[in-house]
Structure formats: structure tokens, C-alpha cells
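The values are calculated or read from the model by the stated rules, or taken from the named source; none is laboratory data. Keep in mind that this is a model prediction, so the values were computed, not measured. With ideal geometry, Cβ positions are generated from the backbone for all residues, glycine too; neighbour counts draw on all protein chains shown. All accessible areas refer to the heavy atoms of the entire protein, side chains included, with ligands and DNA or RNA removed. Shrake-Rupley method; radii C 1.70, N 1.55, O 1.52, S 1.80 Å.
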Amino acid sequence: MSRKVLVLGEVRDGSLRNVSFEAIAAAKTIAEGGEVIGVIAGETVSALGAELVQYGADRVVVVEDEKLKQYTSDGYAQALLAVINQEKPEGLVLGHTALGKDLAPRIAGKLSSGLISDVIAVEAGGGNIVFTRPIYSGKAFEKKIVTDGLIFATVRPNNIATLAKDESRSGEVSSLSVEIINLRAIIKEVVRKTSEGVDLSEAKVVISGGRGVKSAEGFEPLKELAQVLGGAVGASRGACDADYCDYSLQIGQTGKVVTPDLYIACGISGAIQHLAGMSNSKVIVAINKDPEANIFKVADYGIVGDLFEVVPLLTEEFKKL
Ligand code: FAD
């Protein structure tokens, strides 16, 4: 059964976030040969439409308004609902990002629809679309199907492979005029706490430090390794609570959930709440002085040693590659 599926393209600093392309790949599976339509909201974003098409969207609808320059729940909900009203899709996919986590429940509420959030895999099988999502802080996985109504999901970044970019693909980029009214909040300025480096939730490599780094300066060797590998720096709550780094770096149950290709945990014991945020990483390397540390139970490679000796050695070796 072919379906029409909408995908919200998420824009940050003038570019589409990679999760938008992952959402298109998920939407292609849901569409089962039907049409995948990208939606982009913002002040001047129509130039980004072509990229959504190159990653697999059949066409793109753009809603432009100066009130959409910064994300607000009210403004984006009005824009997306207007496109939904025009297109009447059978499926809808957003990234499971801060934006998606805020917007998707609001849209689901307005449409009286269900929502399958934080999806890590989508398959078509036996006439159904089967969604897989982690539950109990990543200790188990559940599979869900939608039996009635809109198939609405948010997809966790870094889990669903994007389709190969095809620069020869072309598709219509049309614009929909929407009156954005009655905004209860207006964002005047965004001040980023961590503007440097790679976005943690989308990074392919994450170097994380725990209480074992012992100080804010102790993060310096980790930052250097992250820079050499083109990765981002993360942290345990232990390190954040000790004021060695900002809470925006916290990974875990009450922090960010990351699934990079490579996660290097340095001086992190491996508490269950930390594992909830990183145990689905593709390759996990743990560096810890304590051979009994719980982190070694989830690690693919374990190095028992002092992180202040091991991390600089790794950095030197990676620099040679
Ligand atoms: P520790 O447990 O103190 O471990 C430090 C490790 O460093 C030790 O294993 C030690 O052997 C090693 N070490 C010390 N020196 C060195 C060295 N020189 N070289 C190598 N290794 C060294 N935690 C999170 O991380 N994320 C969360 O989201 C989170 N949410 C929570 C929510 C709740 C409701 C609660 C109750 C707790 C939460 N926690 C969370 C806290 C969690 O339980 C742990 O306390 C925390 O993860 C411990 O951080 P840590 O591993 O850095 O510190």
C-alpha cells in the first residue's frame, strides 16, 4: 500500500541537519513507493529545498515568514499544520531532536493522532510498517505498528542510514503562504553555550569524560582527541555535577542520547543512567583505571589504565593516520 508521507526538514544555522535526511529514508520505507514530501519552515529557506530532494524527497513545500526565523512551538505548529491540511498525508516523520520532541506531541495533540517517538529502525513487513524503539532506558526494545490513522514517528539521530545523495535528482519546491499569528513567545536572540565543534547529538565520534578527568583542565586531552577525530566532547553527570564541564555535554538518562559510530568513555564508571545515553553506540571504547568498572561490560574495547596516559597516546597515533 503506497502512502503520502511528510518529513520536516530541520534547519540549524542556515543548513539542514543530517537527521532530516535520515527522516527521509524512514519516510521512504513508510511510503512504500508513495510520495515523500519535505517541509521546511523558516525565514528564507527555499534554497534548502533542493537538498531534501537530492536525499530522496519527491518534492518540497516551504513555509517562509520572518516569524519563523527562530523555532517556536506555536509558529512551527501553525506552519506544519497548514502543510498537513493542504497535503493530507498518511505519514509524518520528524527528527527526535529537541525541536522534534517539542513539536511532535503538539502536532499529534492537534490532530488527535498517536505518535511513535524515538524510533531507531523502520521496516515494512507483512502489510505493516514496524517501528523499533528503545524502552526502559535502552535495556529493551519494543516493536510497534500503527493499525489506524496517521503513521506519525520521530526518529533518533544517527540510527537510520540516509539514502545516498543524488545531485541529479530534481523535484518541485513550492511555497505555501501561512499567516503566523498569536505567537505566545518570540525568540529575540539565541546565545549558544557550546558553539564550538561538532553537534554532540549528531557526532559520529564522541569522546566523553567522567569524574576520572578530575578537573575542567582534565578535559583538555579529550578535546584534543575529539578534534583529531572530528568528533564532539561529551560527559557523565558525575563530571557535570563536579563542575568540570557544562551540563549541555551530559550524556545519559537525564542528558543527551547519542549513538555515534565511536564512543570513547574516559574515566566513566558506567552507571546505568549513563549507559542509557550511549549504550547503542556502534563501537564503544572504555578507558578506566579500575578493571572492575561497569563500563567494560558494554565496551567493545577496554583499556585498563590512566586516561591521562592513554588519551594523549591515542591522539598521537590518530594524528599519524
Ligand atoms: P564515577 O562513578 O565516580 O566514576 C569515575 C570513574 O573514573 C571510576 O570508574 C574510576 O575508576 C575512573 N577513574 C578515576 N581516575 C581515572 C584515571 N586517571 N584514568 C582512568 N579512569 C579513572 N549519570 C550520567 O552520566 N548521565 C545521566 O544522564 C544521569 N542521570 C541520572 C539520573 C538519576 C535520577 C540519577 C539518580 C543519577 C543519574 N546519573 C547520571 C548519575 C549516575 O548514577 C552516576 O553517578 C554518574 O554517571 C557517575 O559519573 P562518573 O562515571 O563520571 O563518576
Of the candidates Ser168, Phe131, Ser73, the farthest towards the positive dipole end of the chain (Lys/Arg Cβ +1, Asp/Glu Cβ -1, centred on the Cα centre) is Phe131
Whole-number value, in Å³ per residue, for the convex hull of the alpha carbons of the range 273-317 is 82
Taking the Cα centre of the range 189-290 as the origin and placing charges on Cβ (Lys, Arg +1; Asp, Glu -1), which of Pro221, Ser248, Ala271 is farthest toward the positive end of the dipole? Ala271
Within the range 124-198, which trypsin sites (Lys or Arg not before Pro) sit in a loop by DSSP and count at most 13 neighbouring Cβ atoms inside 10 Å? Lys139, Lys165, Arg184, Lys188, Arg192, Lys193
Debye equation applied to the C-alpha atoms of the range 77-236, log10 I(q)/I(0) at 0.12, 0.14, 0.16, 0.19 Å⁻¹: -0.80, -1.02, -1.18, -1.31
Test of understanding: what is the full-extension gain from Lys144 to Thr44, defined as 0.36 nm times their sequence separation minus their Cα-Cα distance? 32.3 nm
Alpha-carbon Rg with Dmax, taken over the range 32-116, Å: 12.6, 36
Would you list Thr154, Thr254 from the most to the least accessible area, probe 1.4 Å? Thr254, Thr154
With +1 on each Lys and Arg Cβ and -1 on each Asp and Glu Cβ, how big is the dipole of the range 195-247 about its Cα centre, in debye rounded to the nearest 20? 240
Base-10 log of normalised Debye intensity for the chain (one unit scatterer per alpha-carbon) at q = 0.07, 0.09, 0.16 Å⁻¹: -0.31, -0.50, -1.26
In the structure displayed, which of Lys204/Lys256; Lys88/Lys110; Lys188/Lys256; Lys204/Lys282 lie more than 19 Å apart, Cα to Cα? Lys188/Lys256
Loop only per DSSP, at most 10 neighbouring Cβ atoms within 10 Å: give me the GluC sites (Glu not before Pro) in the range 148-232, ordered by residue number. Glu167, Glu179, Glu189, Glu196
Roughly speaking, what is the stretch gain from Ser215 to Gln253, that is 0.36 nm per residue apart minus the C-alpha to C-alpha distance, in nm to one decimal? 11.4 nm
For the range 149-221, take the convex hull of the Cα atoms, compute a quarter of its surface area, and give me that in nm², please. 11.3
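Among the DSSP beta bridges whose two residues both lie in the chain, what percent are antiparallel, rounded to the nearest 5?
Here the share of antiparallel DSSP bridges comes out near 20 percent.
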Could you work out how far apart the two model spin labels at Phe318 and Glu179 are, taking each label as a point 7 Å from the Cα in the direction of the beta carbon, and quote it in nm? 5.4
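Hey, what's the per residue convex hull volume over the C-alpha atoms of the range 188-321, in cubic angstrom?
104
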Whether the range 1-156 is rounded, prolate or oblate, judged on the alpha carbon gyration tensor where a/c under 1.5 counts as rounded: prolate
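In Å², and per residue, what accessible area does the chain have when probed at 1.4 Å with the other protein chains present?
For the chain, the per-residue accessible area is 48 Å².
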Within the accessible area of the chain (1.4 Å probe), percent carbon and sulfur: 49
